[in-house]
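The values are calculated or read from the model by the stated rules, or taken from the named source; none is laboratory data. Keep in mind the model is a prediction, meaning the values are calculated, not measured. Cβ coordinates were reconstructed from backbone atoms using ideal geometry, including for glycine residues, and neighbour counts include every protein chain displayed.
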Amino acid sequence: MYTEKVLDHFSHPRNMGEVQGANGVGMVGNAKCGDIMQMFIKVNDDGIIEDVGFKTFGCGAAIATSSMATEMIKGKSVDEALALSNAAVVEALEGLPPQKIHCSVLAEEAVRAAVEDYQKNKTGAGA
Amino acid sequence: MRNVYLDNAATTALAPAVLEQMLPYLTEVYGNPSSVHAYGRRAKQGIDLAREQVAAALGCETGEVIFTGCGTESDNTALLGVAERYKSKGRHIITTNVEHHAVLHTCAYLEKQGYEVTYLPVDAEGLITPEQVRSAIRSDTILVSVMFANNEVGTIMPIPEIAAVCHEKDVLFHTDAVQAVGHVPVRVREMGIDLLSLSAHKFHGPKGVGALYCRKGLRLPPHSMGGAQEQGRRAGTENTAGIVGLGAAIELACSHIEQNSAKMIELRDRLMRGIETIPEVKLNGHPTKRLPNNVNYSIKYIEGESILLMLDLNGVAASSGSACTSGSLDPSHVLLAMGLPHEIAHGSVRLTLSDDTTQEDIDYTLDVLRATADRLRNMSPIYPGK
C-alpha cells in the first residue's frame, strides 16, 4: 500500500529529533486521533531555515510525511516553508493511500505551526 | 533475516497433510456431488466424510452440520435465519459490544429492519457474565449471540454458563467460534450451543469454506435458494475440495488439541513475559482466560501501524487494532469497549501463534519488538523518556 519512497522515509527518517537552539517549535494533531507531529526549526538572521527536526507519534505515513516535509523546507526561507502544500509532500513521496492524505495535511500544518511560532518569537524579541 | 508469521488469527498456513487430501478433489474427482454417476458419488463421499469429521470434532450429528462459504456467511445465516423464523415470537436480540463485524453489522442491519438489539458491555478484560445475559433477556428475546473467543484479544467467554441461562429462559444461543475451534475444546451438545459458526482457514484448512452447526429440530430459512444441497439449507454446487480440506483440518487440529495448546501456551507465556520487560506496556484481554495462541499488548506512546511496519521490515508479521490499519479514524471497537483510551488503543499489537511457531521465533520477535519500541519511542513527542 505504501510506495518505496514512503517506506524509505519511514525506515530512514531524515532530520529526526529535536534541534538545538531551535527558534520555532510547532506541535499539531492529538493522541486521540493517533497522530501528533512536532516540528523544530532554526531560522538564521537572513530568514533561512538552517536546521529542522521532527518528532512524530503516528503511523508509517505520518512519520514519512514529517521526514519528507523537513527535507523540503531545509535551507529554504520561511516564506517558502509557509508555501509548502500537503499535495507537494504527497507528490514527493510518490503518492499516499487515500486514507493517509490527512497525514500530509498534518505535516503541512506542523511546518506552519513552527514558522508561526518563530514569527511570534521574533516579534516578541523585537518589541 | 528471519521470517516469523505471528498473524494466525487472521489466517493460518494450509497444513501439507490437508492439501494432500484436497488435491484429488481438485483434479480427478471433479464430479458434481449431486450427480448420480460414479464421478458424482466419489465427490459426495468426500463431502460425507468431511461432515463426519466435523460432527466428531464438535460432538454432534452429521445432519446438524451445514457447509458454508466462510465464517461470516455462517454468522449471517444464523442471525438472519433466526430473526426471520422467530419474528412472530419477538424481535429482540442480545449480543456483545466486542463481536466480530460479521455479527455486529448483521445486527445493525436487523435494527434497520425493526429489530431491537442489546449490546452487552464487556469488562476491562473483555468478559461478559451469564448474569448480564440473564438480566437482558426479555419475553420477546429470540436469540443470544456471544462469541466463543475474541479475535483481537483472545478472551474466552463463559459459553456453557451463558448457554445454560439461555435455555433456562427458552432463548436460542448462537456462538461465533471462528477463533476457538481447533484451538480449545468446543463440544456443542455438552455446552448447550444451538448454533455455532466456524471457518476452516483459522485451523490450517483452506480459505473460502466454513460451517454452521444448527441443532437438530431447528429449521432456519435457507441461505440461498436453488438446488437441494446441504438438505436444502444452502443451495449451490459444493466447494468439494474446500469441504474435504475443512474436514481434514478439523480432524487434524482436534486430534492434537491438548498437546498443541500446551505447547502454544508455553510459547505464548514466554512471549508475554518478554514483552512485560518493556516498560509501560499493557496486556489487552484476560491474563488466563485467553486463547492459547493470542498475545495482545499496547505499547504506550507509539502507534500500532508503525509498529507493524517496523516488525514487517524485520520479517515479523503481526496485526494491530490501530485506526490506521483499519482505514477508519477510530481504533478497534474491541479495545475501546474494554475501556482503553484512544491513544493506548492506537498502540496495540496482536501476535498470534500457530503450532509451527518455535521458541527461536519467539525470541527473535522479542528482540525485534524491543528495538522497535525503542526506536519509535525515541521518535515520539509524547514519550516522557527513560
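Observations, loosely collected:
- For the stretch A:57-89, filtered to residues that are free of Cβ contacts under 8 Å to residues at least 24 places away in the same chain and not charged (D, E, K, R), the residue that is farthest from the other protein chains (Cβ to nearest Cβ) is A:ALA83.
- Conditions (1) closer than 21 Å to B:GLY321 by Cα; (2) in contact with a helix residue (DSSP H, G or I) (Cβ under 7 Å, 6 or more places away or on another chain); (3) at pLDDT 95 or above; (4) not acidic (Asp, Glu); number of the one not met by A:ALA69: (1)
- Spans of helices (runs of 4 or more DSSP H) in the stretch B:33-149 with at least 3 residues of a type in the set (Lys, Arg): B:38-58
- Failed condition for A:GLY53, given (1) part of a loop (DSSP other than H, G, I, E, B); (2) within 14 Å of another protein chain (Cβ to nearest Cβ); (3) under 15 Å from A:ASP117 (Cβ atoms); (4) not aliphatic (A, V, I, L, M): (1)
- A:ALA87 meets all of the listed conditions (1) under 11 Å from the mean Cα position of the chain (by Cα); (2) closer than 30 Å to B:SER332 by Cα; (3) surrounded by fewer than 18 Cβ atoms within 10 Å (Cβ to Cβ) but one, namely (1).
- Some residue of the stretch B:52-73 being modelled with pLDDT of 95 or more, under 18 Å from B:ILE159 (Cα atoms) and surrounded by fewer than 19 Cβ atoms within 10 Å (Cβ to Cβ): yes
- The listed residue being over 20 Å from the mean Cα position of the chain (by Cα) and of a type in the set (D, E, K, R), out of B:ASP176, B:ASP123, B:ASP194, B:ASP170: B:ASP170
- Unmet requirement for B:GLN132, which otherwise passes all of (1) surrounded by fewer than 23 Cβ atoms within 10 Å (Cβ to Cβ); (2) over 17 Å from B:PHE173 (Cα atoms); (3) within 24 Å of the chain's Cα centre (by Cα): (2)
- Residue that is nearest to the other protein chains (Cβ to nearest Cβ), among those in the stretch A:1-32 that are in a helix (DSSP H, G or I) and of a type in the set (A, V, I, L, M, F, W, C): A:PHE10
- Total residues in the stretch B:103-136, condition in contact (Cβ under 8 Å) with a residue 12 or more places away in the chain and in contact with a strand residue (DSSP E or B) (Cβ under 7 Å, 6 or more places away or on another chain): 17
- Test: residue in the stretch B:273-290 that is within 13 Å of chain A (Cβ to nearest Cβ) and in contact with a strand residue (DSSP E or B) (Cβ under 8 Å, 6 or more places away or on another chain): no
- Scan of the stretch B:201-230 for residues that are more than 16 Å from B:GLY69 (Cα to Cα) and in contact with a strand residue (DSSP E or B) (Cβ under 8 Å, 6 or more places away or on another chain), ordered by number: B:ARG215, B:LEU218, B:LEU220
- Condition met for B:ALA248 (at pLDDT 95 or above, in contact with a Leu (Cβ under 6 Å, 6 or more places away or on another chain) and among the small types (Gly, Ala, Ser)): no
- Residues within the stretch B:345-382 that are within 12 Å of another protein chain (Cβ to nearest Cβ) and crowded, with 18+ Cβ neighbours inside 10 Å, tallied: 10
- Boolean, A:ASP35 is of a type in the set (Asp, Glu) and away from every other protein chain (no Cβ under 11 Å): no
- Sole residue being of a type in the set (Val, Ile, Thr) and surrounded by fewer than 23 Cβ atoms within 10 Å (Cβ to Cβ), chosen from A:ILE63, A:ILE48, A:ILE41, A:ILE36: A:ILE48
- Selection of the stretch B:358-375 for residues being in contact with a helix residue (DSSP H, G or I) (Cβ under 6 Å, 6 or more places away or on another chain) and closer than 13 Å to B:GLU266 by Cα yields only B:ILE362.
- Among the residues making up the stretch B:74-101, those that are polar (S, T, N, Q) and crowded, with 24+ Cβ neighbours inside 10 Å are B:SER74, B:THR77, B:THR95, B:THR96.
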